[in-house]
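Report on the following structure.
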Amino acid sequence: MKALNKSFVLFLSLLMLSVINISAQEEVVKITTEFKVFGNCGMCEERIEKVLMVDGVESASWDKETKMATVVYVKGKVTEDQLHKNVAEVGHDTEKYKASDEVYSKLPGCCKFDRTEDVKKENDHKDHKHSDSHDTHHKGDKKKSCCK
Ligand SMILES: [Cu+2]
């Protein structure tokens with residue numbers, strides 16, 4: 001009877017060990033993603049990176065030259081959609097989510113990234129001029145004057 005108990009205990013502890021093993025091996029899949037976030041300067045960089053560093057995100061960086069955010073996150077902990085929303089919430093547009101005009105308008109002057117990019121492209125076609133959009137273009141340039 002005692003021997004049976006011993007082997008039963010042994011069996012139990014082996015079982016527990018294997019359970020622990022399985023949970024330890026639970027796959028942590030890390031995903032690296034890149035997406036465009038509109039912004040201008042170093043202040044934008046800080047703001048964007050800070051808001052991307054949520055629970056489940058391993059690293060986040062934003063390049064002010066390329067406007068690309070690179071985020072490494074743990075699969076299942078956070079979604080790419082959420083990351084887009086986060087930056088939109090602090091005033092920065094992505095290709096998925098646009099910041100509300102209200103939040104955008106509260107950004108410091110140098111962080112007001114150019115939202116008239118589409119208009120600009122139109123202006124590049126020199127065969128026809130839109131005087132209104134031309135003005136917007138110049139206003140956009142002035143807003144960025146404090147950025148380097
Ligand atoms: Cu900025």
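Things worth noting here:
- Karplus-derived HN-Hα couplings along segment 61-75 (A = 6.51, B = -1.76, C = 1.60, θ = phi - 60°), whole Hz, x at Gly and Pro: 9, 10, 9, 6, 7, 8, 6, 9, 9, 10, 10, 10, 9, 8, 4
- Modelled spin-label separation between Tyr97 and Lys6, with each label point placed 7 Å from Cα along the Cα-to-Cβ direction: 6.2 nm.
- Among 95-104, 69-78, the order from most to least packed when residues are scored by Cβ within 10 Å on average: 69-78, 95-104
- Estimated from the Cβ-Cβ distance and a Förster radius of 30 angstrom, the FRET efficiency linking Lys106 and Glu27 is about 0.15.
Taken together, the values in this text are just the output of simple stated rules run on the coordinates, not laboratory data. Model, not experiment: these values are computed from the prediction. Note that we place each Cβ from the backbone using ideal geometry, even for glycine, and neighbour counts take in every protein chain shown.
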